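Input: a single structure, listed below in structure tokens.
The values are calculated or read from the model by the stated rules, or taken from the named source; none is laboratory data. Everything numeric in this text was worked out from a predicted model, so none of it was measured. Every residue, glycine as well, gets a Cβ built from its backbone with ideal geometry; the counts of neighbours run over all protein chains shown. Heads up: the accessible areas ignore ligands, DNA and RNA and are worked out on the full protein's heavy atoms, side chains in. Shrake-Rupley method; radii C 1.70, N 1.55, O 1.52, S 1.80 Å.
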Amino acid sequence: MPKTDNVGPIKILIVGGGSSHDFEKWYKEADKNTLSKDGLADVIYTENVDSISYYLRDRDVLYLTNNQPIDDDRTRRDIMAFANKGKGLILGHAALWYNWKDWPEYNQILVSGGSRGHDRYGEFKVEVVNEKHPVTRGVPKNFSLKDELYYFNVDPIGPGIEVLAAASSESSGTFPSVFIVKHASSRIVGIALGHDEASHELEAYQTILTNAFMWAAKREMP
């Protein structure tokens, strides 16, 4: 595991909650444990979206995993401002969906696209297409897992993405699985994997997750 440098643990806020996923088990527990190893991060988890603005005051990276609504205009503005200040964002699995029709700026500006469908839960292949990026350092070139293969499509008027790893199945084709959003100020990583234990307990996923937070927080990596 990469170690923190002398500025202390990365301060992370994980936001979960919503439908079709066990957010508490796989994000509050599993991912928090992965990110807390060796003192890498100080992690706060919440499903109370009204608390996001309060917690963001001293966080380095915001980890959105939720598909529950974020209705409050001030909270939405604060998330956008967090990115504009150069803070890091990790967008996990359910947060890469087109969840909020009344907040199109989220998918256009922060995600640069989104998913409206996925394969039925099952096994598929993931290929790292950029082995030189810090987020994919130490990740196997090819691996397989059971998950929901998200049909992520890029928004043509968004900032664009850089694909680091792609997921593919014979029935549906190939889609971005791990990618960088080319935001003007923030380091943003999208991770489409993450439905259940087949992702969260997989070493490749844990390495991607840890690397993503190190990179998003602008920490030195070995």
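The table below lists the values:
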quantity	calculated
Y45 vs. criteria modelled with pLDDT of 95 or more, within 16 Å of the chain's Cα centre (by Cα), open to solvent by less than 20 Å² (accessible area, probe 1.4 Å) and of a type outside the set (A, V, I, L, M, F, W, C)	no
Every residue from the stretch 118-129 that is surrounded by 14 or more Cβ atoms within 10 Å (Cβ to Cβ) and either aliphatic (A, V, I, L, M) or closer than 15 Å to A204 by Cβ (or both)	F124, K125, V126, E127, V128, V129
The one condition in (1) within 18 Å of W103 (Cβ to Cβ); (2) touching a strand residue (DSSP E or B) at 6+ places or on another chain (Cβ under 8 Å); (3) in a loop (DSSP other than H, G, I, E, B) that F82 fails to fulfil	(3)
Options E162, E203, E170, E197; residue that is among the charged types (D, E, K, R), surrounded by fewer than 23 Cβ atoms within 10 Å (Cβ to Cβ), out of contact with any Cys (no Cβ under 7 Å at 6 or more places or on another chain) and modelled with pLDDT under 95	E170
Any hit, the stretch 34-47, residues being part of a helix (DSSP H, G or I), closer than 16 Å to A217 by Cα and without any contact (Cβ under 8 Å) to a residue 24 or more places away in the chain	yes
Matching entry among I191, I180, I157 (being surrounded by 15 or more Cβ atoms within 10 Å (Cβ to Cβ) and over 17 Å from A204 (Cβ atoms))	I180
Odd one out for R77, checked against (1) assigned to a helix (DSSP H, G or I); (2) out of contact with any His (no Cβ under 9 Å at 6 or more places or on another chain); (3) under 25 Å from L193 (Cβ atoms); (4) basic (K, R)	(3)
Extreme residue, surrounded by the fewest Cβ atoms within 10 Å (Cβ to Cβ), among residues of the stretch 12-39 that are among the acidic types (D, E) and more than 21 Å from K87 (Cβ to Cβ)	D38
Filter result (surrounded by fewer than 23 Cβ atoms within 10 Å (Cβ to Cβ) and in a loop (DSSP other than H, G, I, E, B)) within the stretch 88-117	Y98, N99, W100, K101, D102, W103
Residue count, the stretch 64-87 (criterion: under 17 Å from S177 (Cβ atoms) and surrounded by fewer than 20 Cβ atoms within 10 Å (Cβ to Cβ))	0
Single match in K25, K11 (criterion: part of a strand (DSSP E or B) and not aromatic (F, W, Y))	K11
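Residue-by-condition table, conditions (1) under 27 Å from S171 (Cα atoms); (2) touching a residue at least 40 places away in the same chain (Cβ under 8 Å):
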| site | (1), (2) |
| --- | --- |
| D60 | no, yes |
| Y63 | no, yes |
| D72 | no, no |
| G92 | yes, yes |
| K101 | no, no |
| L110 | no, yes |
| G117 | yes, no |
| V129 | yes, no |
| V135 | no, yes |
